[in-house]
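Down below is the structure, laid out as structure tokens.
The values are calculated or read from the model by the stated rules, or taken from the named source; none is laboratory data. Predicted model only: the values in this text are computed from it and were never measured. Every residue, glycine among them, receives a Cβ derived from its backbone with ideal geometry; neighbour counts consider all protein chains shown.
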Amino acid sequence: MKLLTCPLNGQRNITEFTYGGEYHPMPDHQQASSREWAEHVFFHDNNAGIVIEWWCHSASSYWFLAQRNTISDKILRTFPADEIFNQRVDFAPAPEVSSEAAPTTKGESC
């Protein structure tokens, strides 16, 4: 049985966790182009060796980071996200779209 240590809930069976993808730093939201945002969201390095990844303990919905060697699949350490994220990032609200400018399709439903 493979075990993973959650920083909040302790050591648990790996089946209690959901992999969230590789961590990579967020670009500056005020300076980044649409291309930079797309690359941040959709492209991943997938490097062999030591990487930092997002993991979620499904039962508690607690997200944390794990440092893992992708070659040996050994987890070196797990830690709370606040070790990296120590400041709040406020995004400007999206501009509102008027109902006249929004395209509609007749007969369309949810």
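Computed values, structure above
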{"item": "Failed item in (1) surrounded by 10 or more Cβ atoms within 10 Å (Cβ to Cβ); (2) modelled with pLDDT of 90 or more; (3) not aliphatic (A, V, I, L, M), with PRO27 passing the rest", "result": "(2)"}
{"item": "Near pairs, Cβ below 9 angstrom, 6+ apart or cross-chain, from the range 8-32 (touching a residue at least 40 places away in the same chain (Cβ under 8 Å) and at positive phi) to any residue that is surrounded by 12 or more Cβ atoms within 10 Å (Cβ to Cβ) and assigned to a loop (DSSP other than H, G, I, E, B)", "result": "none"}
{"item": "Which numbered condition SER58 misses (of (1) surrounded by fewer than 15 Cβ atoms within 10 Å (Cβ to Cβ); (2) at pLDDT below 95)", "result": "(2)"}
{"item": "PHE43 loosely packed, with under 10 Cβ neighbours inside 10 Å and of a type in the set (A, V, I, L, M, F, W, C)", "result": "yes"}
{"item": "Yes/no for ALA32 being assigned to a loop (DSSP other than H, G, I, E, B), out of contact with any Asp or Glu (no Cβ under 8 Å at 6 or more places or on another chain), closer than 30 Å to LEU4 by Cβ and at pLDDT 85 or above", "result": "no"}
{"item": "Single residue of the range 72-110 satisfying the filter (surrounded by 10 or more Cβ atoms within 10 Å (Cβ to Cβ) and among the hydrophobic types (A, V, I, L, M, F, W, C)) that is modelled with the lowest pLDDT", "result": "PHE85"}
{"item": "Hey, LYS74 touching an Asp or Glu at 6+ places or on another chain (Cβ under 9 Å) and charged (D, E, K, R) or not", "result": "no"}
{"item": "Filtered residues of the range 1-29 (kept if assigned to a loop (DSSP other than H, G, I, E, B) and not aromatic (Phe, Trp, Tyr))", "result": "MET1, LYS2, PRO7, LEU8, ASN9, HIS24, PRO25, MET26, PRO27, ASP28, HIS29"}
